[in-house]
Amino acid sequence: MEEKKVNSFLDKLKEKAKSQSHYGGDSEITEAKMQLKDCPNCGAGRAKQDGLTHCAYCGFEFLSVKLTDGVYIKKEDNSL
């Protein structure tokens, strides 16, 4: 008569952990990079972000935007 090996609870958990895939899929390996834009007025570097309108160092205006009242945005410049 052959003996059947019964997996313990801990062995079942270990097998399940080994067979799981990564949440959100496998990660992609990319080289590190930074998106920078220099101020044309003073040359100060800043992270390139959408919505930034003025240079933090000299006050140069990158974007000239006319704002209107919205749910969360008021007429005045909200990026300062």
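Readers should treat all values here as calculations from the given coordinates under stated rules, not as data from a laboratory. Just so we're clear, the structure is a prediction, and the values are computed from it rather than from any experiment. Positions of Cβ are generated from backbone atoms using ideal geometry, with glycine treated the same way; all protein chains shown enter the neighbour counts.
How big is the equivalent ellipsoid of segment 5-55 along its three axes, where each semi-axis is √(5λ) from the Cα gyration tensor, reported in whole Å from largest to smallest?
53, 11, 8
On the basis of the beta-carbon distance and an R0 of 30 Å, residue 30 and residue 8 show a calculated FRET efficiency of 0.10.
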